[in-house]
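The values are calculated or read from the model by the stated rules, or taken from the named source; none is laboratory data. Note that the structure is a prediction, hence the values are computed from the model and not measured. Here the Cβ positions follow ideal geometry from the backbone for every residue, glycine too, while neighbour counts run over all protein chains shown. What goes into the accessible areas is simple: the full protein's heavy atoms, side chains included, and nothing from ligands, DNA or RNA. Shrake-Rupley method; radii C 1.70, N 1.55, O 1.52, S 1.80 Å.
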Amino acid sequence: VTNSFGQGLSVTPIQLATAISAIANDGKMMKPHVVKAILDNGQQTEINPQVESIPIKPETAHTLSEMLATSLEQEASTALVPGYRMAGKTGTAQVPTESGYSPNETNASFVGWGPVDDPRFLIYIWLEKPKSSPWGSIVAAPLFSQIAKELVILMDLPPDAIRMNLSAKAQ
């Protein structure tokens, strides 16, 4: 029964991020990487994204991304990033014990990506047994927003309106 809503499943954070990448990338599941480039004796080698497989149709991935972005917007989620349209999903799961699931402890998470129209990053936040709140929406979603706000600056990603205006002028 717990498999129907994910609580009975066990995956590593990198497995979850890899699987979610298929939704963010039009059905293409990306090979995870955390290195942008390798610098060796003054020679820089770029690490390019690689497609691992295509487990879902592009239309399905687009529909899911839109649903998750709209959900964040309509709920005034704490995961929102002003100027950028993001998609994402919270997770809250009771902690397994030898006798079932703990009624008092959870693991909370949030996975999100953006910008939705041209995903450049995916962030997965996982908090083990958070103390201030058991809910991913309360403790993990705000961390996503804080990290994404810094990441768009570090990646030099203009806000959606500017980016879309630039691409319209280029066409």
Evaluate segment 143-161: report whether one residue or more is touching a helix residue (DSSP H, G or I) at 6+ places or on another chain (Cβ under 6 Å), surrounded by fewer than 17 Cβ atoms within 10 Å (Cβ to Cβ) and not in a helix (DSSP H, G or I).
no
Of the residues in segment 151-170 that are charged (D, E, K, R) and on the phi < 0 side of the Ramachandran plot, the one that is modelled with the lowest pLDDT is K169
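Per-residue answers, yes or no, for (1) surrounded by fewer than 19 Cβ atoms within 10 Å (Cβ to Cβ); (2) over 19 Å from A148 (Cα atoms); (3) not acidic (D, E):
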{"position": "I23", "(1), (2), (3)": "no, no, yes"}
{"position": "I54", "(1), (2), (3)": "yes, yes, yes"}
{"position": "T60", "(1), (2), (3)": "yes, yes, yes"}
{"position": "E98", "(1), (2), (3)": "yes, yes, no"}
{"position": "I123", "(1), (2), (3)": "no, no, yes"}
All but one of (1) open to solvent by 50 Å² or more (accessible area, probe 1.4 Å); (2) touching a residue at least 12 places away in the same chain (Cβ under 8 Å) hold for Y84; state the number of the condition that does not hold.
(1)
